[in-house]
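Coordinate-derived values only; no laboratory data. This structure is a prediction, so every number in the text was calculated from the model and none was measured. Glycine also receives a Cβ, built like all others from the backbone with ideal geometry; neighbour counts cover every protein chain displayed.
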Amino acid sequence: MRSVKDGCSPQGQCGCCTVLVEGAPRVACVTPLRRVEGRDVLTVDGLDRQVRDRLVGAFVAHGASQCGFCTPGIVCRLAALGAADAEKVQTALLAHLCRCTGWRTILDAALTAAAPTFAPHPAGAHDGFDEAAAARRATIEGGAAQQVGPGVVLGRGGFADDTAPPGCLVAVPDGAGGWAVGETLAEARNAAGKVQGRRSGRPLAYPLEVPEGDWDLTLQTTWVEPAYLEVDASWCEPGGMPASPAANGGDFGAKRTSPAPAAARALADRHGRAVRVVLSREDAVRLGAKRPPAAAGIRLDGTGVLRLAAAAEPGVLAAAARSAAPGLHVEEVPVVGPPVSPHVRAAGWAEAAVLLAAARSAGAGGGAAGTATAAVASPEGATAQAKVDLDGRGWPRLVWLEVDAGEPLSEVTLRSYLVGAAHMALGWVLSEGIAVGDDGVPEDLTIRSFGVLRARDTPPVEVRIHPTRNEPKRASDAAFAAVAAAAWIALGLPARWPVRRADTLGR
Ligand code: FES
């Protein structure tokens, strides 16, 4: 059954493999077979047709599934939950993680599916929903070819590990820079020796010093795990083209440097057989590229210095940063740590855009206590204005976003990506980061230790999209930077991110 996804097994933390055992949701990866012997096990494929159609229709209507890797497990859990209020849905979603959607569209879909007045379209979408236009918008925003529609909600996004032909050899990282190969995944993993995932409890490190200077604002960030749910996988026939590890998006550029496709091709050629390459969550944390740590000082006039951890491709990060803030002197500094990528969502560019937006805001007197606005324009001409309001505990209560993305193509899909960008931005400022040892090796290997904001911790995001007929442009990166800047200003411009990590990991 390909709808049951593996995002972290055997950590039991991401919820992607949720199935129903005698009607109760269970995480398959930590459920021993002996416990289900003689009992009914339902995947999303076997749900009551009417229940499934309502959930699938509501997910498509709200853009609640983007890459779709997390979605079948969430649909199973919501099917078991039945009609519920927002509080109950948010509690149910605590068992899941989603990198793409920012939760709010999933909440909307769950409530819509439960509403007696909702009548799903027979094809799973709703009247007037243009899947091709929605897919075009998703491709622009996600940075990889993407499908939109009922099949994606049901886990049929064409993920590499689902499309591998039967009979492939299986290869996994061997922990020494090579690959262990076997006839089955179990055989390959036994040969490699599995690294057990754990959260280290180690404090986050800030490897770059703030440059010397007379600054009005300073900022230090740490390594941020891209935290895509579909762990890197690929397969290849001898002499063929390896399958993309980002088949339906969901990585926001982070898998561009994935080792899986090149390994699949080289191993297939060497063995003269199709080879499937599969990384575990722990492998992906240790080998995958992170968002680069940064350190900066900036003056209110927009001049200053931004240091970014150097990536393997020199100059790309610095050029991106300079395009956002030409007044910044940008340095790429080698640091001991995991690989970083200039292709992780708006890397370099967003850091510079946030610094400049915050300096402008501070120069104009800043926002009132607990509320702030910021505006960012992308090099392609998309614009985003964000406002973030904090509650009495200093936690984001509400986010507003106003965006010009050119022709929206699909307001539903565009809104979904904007909400997802707001969620990722809040996580970047508030909670996301991974501990890295003095030897440069990541130590937080569990998916829950990355600090991704949970459904319950994510505020509502009110989106206004400008109706224009101009060329469609990617707007979610501008929204990402604008929300990060507004949140940072509202929080009082603390000098290090993440600002409130303990709030999200301790609860
Ligand atoms: Fe949830 Fe991509 S849609 S992880």
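Below, the figures for the structure above:
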quantity: Part-to-part distance (alpha-carbon centres) for the stretch 418-443 and the stretch 308-343, which is given in Å; calculated: 17 Å
quantity: Space enclosed by the convex hull of the alpha-carbon atoms of the stretch 292-426, per residue, Å³; calculated: 130 Å³
quantity: Ranked Val463, Val21, Val89, criterion: other C-beta atoms within 10 Å, fewest first; calculated: Val21, Val463, Val89
quantity: Eligible lysines near Lys5 by straight Cα distance, threshold 29 Å, same-chain separation 8 or greater; calculated: Lys88, Lys194, Lys255, Lys290
quantity: Karplus-derived HN-Hα couplings along the stretch 390-404 (A = 6.51, B = -1.76, C = 1.60, θ = phi - 60°), whole Hz, x at Gly and Pro; calculated: 9, 8, x, 8, x, 9, x, 9, 7, 10, 10, 9, 10, 9, 10
quantity: Karplus-derived 3J(HN,Hα), 6.51/-1.76/1.60, for each residue of the stretch 47-59, Hz, glycine and proline x; calculated: 4, 3, 4, 5, 4, 5, 4, 5, 5, 5, x, 5, 5
quantity: Where labels lie 7 Å past Cα in the beta-carbon direction, separation of Ser200 and Ala266 in nm; calculated: 2.6 nm
quantity: Percentage relative contact order, the chain, counting C-alpha pairs under 8 Å, at least six apart; calculated: 17 percent
quantity: The chain, helix-only ellipticity at 222 nm - DSSP H runs n ≥ 4, -39,500 (n - 2.57), divided by all residues, nearest 500; calculated: -9000 deg cm²/dmol
quantity: Between the stretch 181-203 and the stretch 30-107, the alpha-carbon center distance in angstrom; calculated: 28 Å
quantity: Which of Lys290, Lys255 has the fewest Cβ neighbours within 10 Å, and the rest in rising order; calculated: Lys290, Lys255
quantity: Share of pairwise Cα separations in the chain, more than 32 Å, in percent; calculated: 40 percent
quantity: For the chain, share of DSSP beta bridges that run antiparallel, in % to the nearest 5; calculated: 70 percent
